[in-house]
Every structure is written in structure tokens, then in C-alpha cells.
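In what follows, a single structure is set out as C-alpha cells and then discussed.
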Amino acid sequence: EEAAKTPTLVFRWSSEAAQRLLELQAGTVDGIDNPGPDDFATIEADANLNLIDRPALNIFYVGMNNTYAPYDNELVRQAIAIGIDRQRIVDNFYPPGSEVASHFTPCAIPNGCVGESWYEFDPVRAKELLAEAGFPDGFATELAYRDVVRGYLPQPGVVAQDIQAQLKENLNIDVTINVMESGAFLDASDSGMLPGLHLLGWGADYPDMTNFLDFHFGAGASVQFGEKFADITEALTQGAALADDEARKPFYETANNAIKQHVPMVPIAHGGSGVAFKA
């Protein structure tokens, strides 16, 4: 057995990326997790610091629960899906190595990106869909999130505000932001108690479709998004029963296409992230 090089390890917390970087530059900490998007270039240009990139094996999404009106209307969910400029969010609030999500699962996962890509941003069509659903003047709703930094959501507060602004501008939806304590938020989302929109994400436990799709949309998934969709759950059950990626492919095509149609949530980004240490 090899003894630890350092007798004591201290973990500290700061939700502000700028503060974490300042401490690293000052040498009051040896390493930081999840540098802010704007800090990647700064760290790379500093010979005293070392940046280590992580691949974007995660997903950030805007969730909704179809047991609450107006999210029980598929047209409303589709309107929100195409009424959010996801590229703008990635460009403004995500670090290098991030990408707009074409599918819920990152493309590095086998069969992650089979089937149709997600909708293109189209605010005119989004408004038409919302009017068709019976909400020509929009509606009022809540957007819940937890103020916790994750690789899939490096800047939760400003992303929530940007989505709030976009929904008002593009769909005339009035959004009230609700910042919740992390544990209470996860309990409420898992038990289907969030009546509005919510911001959440997922990082890979293991590189397989079952870890992303089954956990969120499968027959045994939580009620985070409300009622399940049979065309999704059946395809996932069949895909999970097979071992060969090529044989599983048609089932994940079906599942991905059905997720796009039903919009249980809106996949926004696969967030690139990193850690930084003193060189």
C-alpha cells in the first residue's frame, strides 16, 4: 500500500466560478472543479496553472411534468421545444468542448444519436403551435432549479434568467423563477411535484443508453416528467434486452424519435467541463 502524499485533504465550496479561480491564482487552494466558461482561456494562458478537460458525457435539460396543465398538451411542449434558442445558451454560458444537444444522450454513447435530430429554433412556428394549443397570448408558469454548479450546468442562475427572458420574448410566457434547496428540489422533481418547468441534468454512470434513457423515460423511471409514453417505454425495454449495438439500433431510433415527438423535456446542452490545478 502506498501512503497518501498529503496527510490532510480539505474540500471547500464556492458557487461562484470567479471566486474559485481567484483562490487558485492566489494559491490559497491547490485545485478547483468546474472552472467558469470564461475562465478556460485564462487558465490555459497562465503557466502557473494546469487545465484538464473532461468530455461532455452529460445532458442538461428543461423538464416539465405532463400531469400539470398546460404541459398536458403536447403542442405546448413542442412549442417550448422550438421556442428556446439553445445555441445562444451554449454560446453564452458554456465552456469550450460543449455542444447543443441533438439528442438526450451524448453522441459518444453507442446509439445515442440515432434517429432524428432535435428541432431547430423557430420562434415564429413556436408561437403558431402555442396559439394552436389555445394559448395565443402565452401563459404564466414557474421555473424551478437548484443553485448547484454541475458540468452539465456550469452557471445555473444566469441560464435560468436567459430561459426566462427567451420564453417571454419568443412565446409571451411569463416565468417566475423559484430557486430551491438542492435536496428539496430533487425530492420534488423525483416525486412529480414540480408544476412548472425545471432545470436539471445527468452525467453518465456508465456508457450505455440504458443509463440515460431508461433512467429518465423507461417503464421504471421516476414520475419527474409525469405519465410515461408507451412507444418510448416499449422500445427501451426491447433495446435493453439485447447486447449487440447494431441489433439495438432500431429500438433506440424509435425511442429517440418518440422523445422528440412527445417532448417530455427539452435537451439543451452537453456541457464540456474541466478541473484546474496549480501547475
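The values are calculated or read from the model by the stated rules, or taken from the named source; none is laboratory data. For clarity, every value in this text was computed on a predicted model and none was experimentally measured. Counting neighbours? That spans all protein chains shown, and the Cβs are built from the backbone with ideal geometry, glycine included. Note: accessible area is taken over every heavy atom of the protein model, side chains too, but ligands, DNA and RNA are not part of it. Shrake-Rupley method; radii C 1.70, N 1.55, O 1.52, S 1.80 Å.
Under 8 Å between Cβ atoms, at least 6 apart or on separate chains: pull out the pairs that start in the range 242-269 with a residue that is closer than 19 Å to Gln78 by Cα and without any contact (Cβ under 8 Å) to a residue 60 or more places away in the chain and end on any residue that is open to solvent by less than 70 Å² (accessible area, probe 1.4 Å) and outside any helix (DSSP H, G or I).
Listed by first residue and then by second, the contacts come to Ala258/Phe229.
State all residues of the range 65-79 that are open to solvent by less than 50 Å² (accessible area, probe 1.4 Å) and of a type in the set (D, E, K, R); if no residue qualifies, say none.
Across the range 65-79, the qualifying residue is only Arg77.
Would you confirm, using the coordinates I've provided, whether Pro95 is in contact with a helix residue (DSSP H, G or I) (Cβ under 6 Å, 6 or more places away or on another chain) and open to solvent by 50 Å² or more (accessible area, probe 1.4 Å)?
Working: in contact with a helix residue (DSSP H, G or I) (Cβ under 6 Å, 6 or more places away or on another chain): yes; open to solvent by 50 Å² or more (accessible area, probe 1.4 Å): no.
In short, no.
With Ala69, Ala41, Ala81 as the choices, which residue is under 30 Å from Glu169 (Cβ atoms), under 15 Å from the mean Cα position of the chain (by Cα) and aliphatic (A, V, I, L, M)? First the steps, then the outcome.
Values: Ala69 fails: under 15 Å from the mean Cα position of the chain (by Cα); Ala41 fails: under 15 Å from the mean Cα position of the chain (by Cα).
Just a single option satisfies the conditions, and that option is Ala81.
Between a residue in the range 68-97 that is within 19 Å of Leu194 (Cβ to Cβ) and modelled with pLDDT of 95 or more and any residue that is open to solvent by 30 Å² or more (accessible area, probe 1.4 Å) and not acidic (Asp, Glu), which pairs come within a Cβ distance under 6 Å, given they are 6 or more apart or on different chains?
Going by the 6 Å Cβ cut-off, the qualifying pairs are Tyr68/Pro195; Ala81/Tyr119.
Assess whether Lys127 counts as being at pLDDT 95 or above, open to solvent by 60 Å² or more (accessible area, probe 1.4 Å), under 21 Å from Gln261 (Cβ atoms) and over 17 Å from the mean Cα position of the chain (by Cα).
Working: at pLDDT 95 or above: yes; open to solvent by 60 Å² or more (accessible area, probe 1.4 Å): yes; under 21 Å from Gln261 (Cβ atoms): yes; over 17 Å from the mean Cα position of the chain (by Cα): yes.
Yes: the conditions hold for Lys127.
With crowded, with 16+ Cβ neighbours inside 10 Å and among the hydroxyl-bearing types (Ser, Thr, Tyr) as the only criterion, which of Thr176, Thr254 stands out? Lay out the reasoning, then the answer.
Working: Thr176 fails: crowded, with 16+ Cβ neighbours inside 10 Å.
After ruling out the rest, the residue left standing is Thr254.
Here is a check on your reading of the model: is Asp46 charged (D, E, K, R), part of a loop (DSSP other than H, G, I, E, B), modelled with pLDDT of 95 or more and surrounded by 15 or more Cβ atoms within 10 Å (Cβ to Cβ)?
Numbers: charged (D, E, K, R): yes; part of a loop (DSSP other than H, G, I, E, B): yes; modelled with pLDDT of 95 or more: yes; surrounded by 15 or more Cβ atoms within 10 Å (Cβ to Cβ): yes.
In short, yes.
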